[in-house]
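First up is the structure itself, then whatever we jot down about it.
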Amino acid sequence: MDDNCHVDPIQKMTTVEEQRTLTTALLTVWGMGCPNCAARVRNSLLLLHGVVDVEVALELGVAEVLFNPNLTNAPALIDAVARGRE
């Protein structure tokens, strides 16, 4: 792990609209090499409107995303993961 790649996890205040209808997606994430990579993926997903919570398991290479399907969708989640890994 590079000492210069520290990533602080963000905190998100979700709206009532985001919390109305929730579903869960389990995403496979390749290429996470350290806890900072996992934090970047988590932060990127949380920045999406409609995402309420994210748990990333670095060792398993998965992200569990709690989101409102009326506000975001699977392609947007996948794009956010890709941006988080850059």
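All of the numbers you see were taken from the coordinates with simple rules; none came from a lab. All figures in this text were calculated on a predicted structure; none of them were measured in a lab. As a convention, Cβ positions derive from the backbone with ideal geometry for all residues, glycine included, and neighbour counts pool all protein chains shown.
Some observations on this one:
- Length gained on full extension, D79 to L47, computed as 0.36 nm times the residue gap minus the Cα-Cα distance: 10.3 nm.
- In range of the label at L60: residues from segment 25-45 whose backbone nitrogen is under 13 Å from the point 7 Å along Cα→Cβ: 25-29
- Cα-based helix-to-principal-axis angle, 35-46 vs the chain, degrees rounded to 10: 20 degrees
- Peptide packing for 8-15, 63-70 was compared via the average number of neighbouring C-beta atoms within 10 Å per residue; ordered from the highest value, the list is 63-70, 8-15.
- Only Lys, Arg (+1) and Asp, Glu (-1) charged, at Cβ; segment 15-84 dipole about Cα centre in debye: 160 debye
- Principal-axis analysis of the Cα atoms of the chain puts helix 74-84 at an angle of about 30° to the longest axis.
- Mean projection area, nm², convex hull over Cα of the chain: 5.1 nm²
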